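Structure first, commentary second.
No value in this document is a laboratory result; all are computed from the given coordinates. Model, not experiment: these values are computed from the prediction. Cβ atoms come from the backbone with ideal geometry, glycine included; neighbour counts cover every protein chain shown.
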């Protein structure tokens, strides 16, 4: 059965979540968190998108982003994860998947849900 197509956001905002395979850690050391943010910042310059909130936890990540061009979200997340996983696997002498299944993305329209979503993302580490 084919996967359900992602719902495109009219506003360009998406809440993105991805997890480690079997809920395993995707960050082992502080340097791993820093590297993920470094990649994200470089991609922001290359692809031109905005990050409005994020939370990196040991086994999953939440990002609220706004794409400039419709459909950029796929390119953004694909490039982010490929670069990160390649470095992680090399660093920890491992191979194979690090991220479990397909990343989740929810189209977010700027309405009464927007501010509570930012609060949720920032309070997620509880």
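Miscellaneous remarks
- Applying the condition of being in contact with a helix residue (DSSP H, G or I) (Cβ under 7 Å, 6 or more places away or on another chain) and free of Cβ contacts under 8 Å to residues at least 60 places away in the same chain to the range 43-64 and asking which residue is farthest from residue 14 (Cα to Cα) yields 59.
- Complete set of residues in the range 60-79 that are surrounded by 16 or more Cβ atoms within 10 Å (Cβ to Cβ) and outside any helix (DSSP H, G or I): 60, 61, 62, 63, 64, 65, 66, 67
- Selected residue (only one of 101, 95 is part of a loop (DSSP other than H, G, I, E, B) and exposed (fewer than 14 other Cβ atoms within 10 Å of the Cβ)): 95
- Every residue from the range 104-126 that is closer than 20 Å to residue 9 by Cβ, in contact (Cβ under 8 Å) with a residue 40 or more places away in the chain and outside any helix (DSSP H, G or I): 104, 105, 106, 107, 108, 109, 110
Per-residue answers, yes or no, for (1) surrounded by fewer than 12 Cβ atoms within 10 Å (Cβ to Cβ); (2) touching a strand residue (DSSP E or B) at 6+ places or on another chain (Cβ under 6 Å); (3) at positive phi; (4) not in a helix (DSSP H, G or I):
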{"site": "15", "(1), (2), (3), (4)": "no, yes, no, yes"}
{"site": "18", "(1), (2), (3), (4)": "no, yes, no, yes"}
{"site": "37", "(1), (2), (3), (4)": "no, no, no, no"}
{"site": "45", "(1), (2), (3), (4)": "yes, no, no, no"}
{"site": "53", "(1), (2), (3), (4)": "no, yes, no, yes"}
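- When residue 23 is tested against the conditions (1) within 12 Å of the chain's Cα centre (by Cα); (2) within 15 Å of residue 103 (Cβ to Cβ), the lone failure is (1).
- Residues of the range 80-90 satisfying the condition of being under 15 Å from residue 25 (Cα atoms) and either in contact (Cβ under 8 Å) with a residue 40 or more places away in the chain or assigned to a strand (DSSP E or B) (or both): 81, 84, 87, 88
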